[in-house]
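The values are calculated or read from the model by the stated rules, or taken from the named source; none is laboratory data. Keep in mind that what you see is a predicted model, and the values were worked out from it rather than measured. All Cβ positions, even for glycine, are placed from backbone atoms using ideal geometry, and neighbour counts span all protein chains on display. The protein model used for the area step is the full one, side chains on, heavy atoms only, and it has no ligands, DNA or RNA in it. Shrake-Rupley method; radii C 1.70, N 1.55, O 1.52, S 1.80 Å.
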Amino acid sequence: KTIIDAHNLSKTYNADTVPVKAVQDVHIHIEEGEFVALVGPSGSGKSTLLNMIGGLDEPTSGSVVLDQVEITKLPENKLIDFRLHNIGFVFQSYNLIPVLTAKENVGFVLQLQKIPKEEREKRVLNLLHQVGLEDKLNSRPGELSGGQQQRVAVARALASKPKIVLADEPTANLDSKSTANLLDIMAKLNKEEKTTFLFSTHDIRVIQKARRVITLVDGKVESDVQQTPK
Ligand code: ADP
Ligand code: ADP
């Protein structure tokens with residue numbers, strides 16, 4: 001079953017005098033349960049592509065279909081709702097809510113989704129434990145290191161059991177142990193819940209775990225290969 005279908009996707013930024021073609025005519029087709037790394041030099045368009053696939057950024061042209069819904073045609077309120085129920089984001093700017101504790105940040109989305117309190121507590125504690133933050137449950141983002149905030153953001157993205165997880169350099173601020181832990185969590189969810197993962201990365205250890213590697217260069221897909229994960 002196709003879960004991500006990006007068709008003729010392009011994005012041109014007109015911020016400066018010279019337009020920047022960040023993404024050019026990209027076609028990507030991802031089946032449910034794939035575990036895909038997006039690689040390429042800095043500035044090759046990885047973040048822009050992830051933002052468009054996640055409906056956070058509007059393409060200049062082309063379409064994005066997620067789980068048979070053409071999100072590029074959805075009005076804003078429907079799009080927000082679709083994202084809430086289907087996509088988990090792990091982005092570099094953690095977007096954690098400063099006044100909420102780690103526990104509350106992770107539980108927040110589940111509250112929006114009206115998941116009952118008991119189930120919510122269970123999932124939140126379980127995930128924060130898995131990312132190694134069981135002793136930081138009541139800390140606010142300002143009291144956590146960069147790496148720790150990143151791990152709260154990961155727990156939050158996975159808490160709602162989204163069909164699709166989009167991650168932009170999810171291990172960029174993590175030490176080796178946290179990186180290995182995160183990869184384990186991702187692999188487990190991928191296997192047990194059939195969660196589809198698409199993540200940009202520069203980390204060779206993360207790339208090796210992918211079953212498919214898409215390389216972007218100058219906003220275009222340069223290669224798209226299957227591999228046996230290590
Ligand atoms: P990557 O994630 O691979 O580093 P990006 O998607 O961030 O690549 O950037 C692709 C290109 O688009 C770069 O040339 C970058 O400078 C440009 N770009 C990204 N975001 C913006 C923006 N908001 N306004 C103008 N140019 C941008
Ligand atoms: P991680 O714990 O994920 O390796 P970092 O590599 O970002 O996190 O930070 C290394 C260590 O420095 C952390 O274990 C943390 O205890 C400490 N640290 C860094 N920044 C902060 C901060 N703003 N507040 C509290 N501790 C911090």
Quickly run through region 166-186 and pick out the residues that are of a type in the set (A, V, I, L, M) and within 12 Å of ligand 2 (Cβ to nearest atom). Ala172, Leu174, Leu182
I'd like to know if region 96-107 contains one or more residues that are farther than 27 Å from Asn51 by Cβ and either in contact with a Gly (Cβ under 9 Å, 6 or more places away or on another chain) or of a type outside the set (Phe, Trp, Tyr) (or both). yes
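A quick yes/no check of all residues on (1) over 26 Å from Asp67 (Cα atoms); (2) at pLDDT below 95:
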position: Glu134; (1), (2): yes, yes
position: Asn138; (1), (2): yes, no
position: Gly146; (1), (2): yes, yes
position: Ala155; (1), (2): no, yes
Any idea which residue in region 188-219 is nearest to Gly55 (Cα to Cα), counting only those that are open to solvent by 50 Å² or more (accessible area, probe 1.4 Å) and of a type outside the set (D, E, K, R)? His202
Can you tell me which residue is surrounded by the fewest Cβ atoms within 10 Å (Cβ to Cβ) among those in region 220-229 that are farther than 16 Å from Ile53 by Cα and in contact (Cβ under 8 Å) with a residue 12 or more places away in the chain? Thr228
Which residue out of Leu133, Leu96, Leu144, Leu125 is without any contact (Cβ under 8 Å) to a residue 40 or more places away in the chain and within 16 Å of ligand 2 (Cβ to nearest atom)? Leu133
If you check Ala6, Ala102, which single one turns out to be closer than 20 Å to Thr215 by Cα and out of contact with any Phe, Trp or Tyr (no Cβ under 7 Å at 6 or more places or on another chain)? Ala6
